[in-house]
Each structure stands twice: as structure tokens, then as C-alpha cells.
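Visitor: Okay, handing you the structure first.
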Amino acid sequence: MTPATRRANHLGASPRLTFSVLATLCLAACAGTAPKNAQAPATTAPAVLTAAAEQGNALGIHVTGLRVSAGGFMVDLRYRVVDPELAKVLLDRKVPAYLMDEATGLKFGVPNTAKLGRLRAGAQNNIHTDRDYGMLFGNPGNHLKPGALVTLVAGDVEVPHLIVK
């Protein structure tokens, strides 16, 4: 036990509570909130192209958002399940999922952290159509910028022409 751990335990803070608080703070910092004085746009553009919205049904999902977050080092995918049977591929944490930049062919995977595991929603038996699911993709070097066209790949299924906002 390190002196810092002994000191924290002496003060009454359990390691589990400390980890929970730190994990919550890290996730809140990565959420990427807008400044308070920033004005919201009058209209929000759809997250995907019209043709890609139809192809999103190949995974049984409707993409509600694909945004750069965490200072440009992550890409946040938000989606709603339309067909639970088709969406099982995307919600299976064992099936690799990644974004592919259509301009360069670069692939951006889901980070796998030691403490939190893969940064994606996972559900096999309890897939709901009334809630949003999410996935975070690493974006090292800030290669993906708003306006970039990407393809979502999960297993053998592809959803092309998604626009990063």
C-alpha cells in the first residue's frame, strides 16, 4: 500500500469511491461542453446523408449524431436502434467496429481502456428501441474534422457516407 493510499484510507475515502469519482470527472471532461456564451445554431443539420440514412438500416440503427469531441481526439457516435435483430452486430462488444475516413482510408477504432474496457455500448439480450446508444472512436492527431465523410464498419456490415459534425 502506498503512502497516498494509506493517507486516503485514513481520511475515510475508499479506493472504490475515489476511482468512481475520478472516472466520473474524466467522463464529464471528455463530454466536450460548449462555452456558455456560445449561441446554438438556428437549425441543426442531419447527421447523415439521405442515402446513408437508408443504408443505416443494414445495421438496424438510425444515426442521431456523429461529432468530434474531447478536444478533437475522439469522435462520438450516437444512434438509436430501429431493428434489434440487425443491431446485435453493432452492440456486440466482441465484434470490432471502426470508422474509416473515405478520403484517406484511415481506420479509427474504439479505444479499450484498462479500467473501463471498450468505450462503446454493449447489449445482447436487452436491446431497447426507445433509448440512444453511443460509441467513442479514437481520433489521434485530430485527423477527422467536422465535415469529413466516414464509413461505419461493424463486422462485415458497412454504413457509408456519414458526415462528422
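Visitor: Could you give every pair whose Cβ atoms fall below 6 Å, whose first residue belongs to the range 94-113 and is over 17 Å from TYR79 (Cβ atoms), and whose second residue is at pLDDT below 90 and not in a loop (DSSP other than H, G, I, E, B), counting only separations of at least 6 or pairs across chains?
Guide: ASN112/ARG118
Visitor: Mind counting the residues in the range 152-165 that are closer than 18 Å to SER69 by Cα and in a strand (DSSP E or B)?
Guide: Result for the range 152-165: 3.
Visitor: Mind telling me which of the residues LYS115, LYS88 ends up being part of a loop (DSSP other than H, G, I, E, B), over 12 Å from the mean Cα position of the chain (by Cα) and at negative phi?
Guide: LYS115
Visitor: OK, next. I'm checking my understanding of the structure. Among residues of the range 96-108 that are surrounded by 14 or more Cβ atoms within 10 Å (Cβ to Cβ) and more than 17 Å from GLY147 (Cα to Cα), which one is modelled with the lowest pLDDT?
Guide: Only one residue fits best here, namely ALA97.
Visitor: Restricting to the range 114-153, count the residues that are buried (at least 18 other Cβ atoms within 10 Å of the Cβ) and over 15 Å from TYR98 (Cβ atoms).
Guide: Looking only at that region, the number is 3.
The values are calculated or read from the model by the stated rules, or taken from the named source; none is laboratory data. Given the structure is predicted, the values throughout are model-derived calculations rather than measurements. Ideal geometry is used to build each Cβ from the backbone, glycine not excepted, and the neighbour counts take in all protein chains shown.
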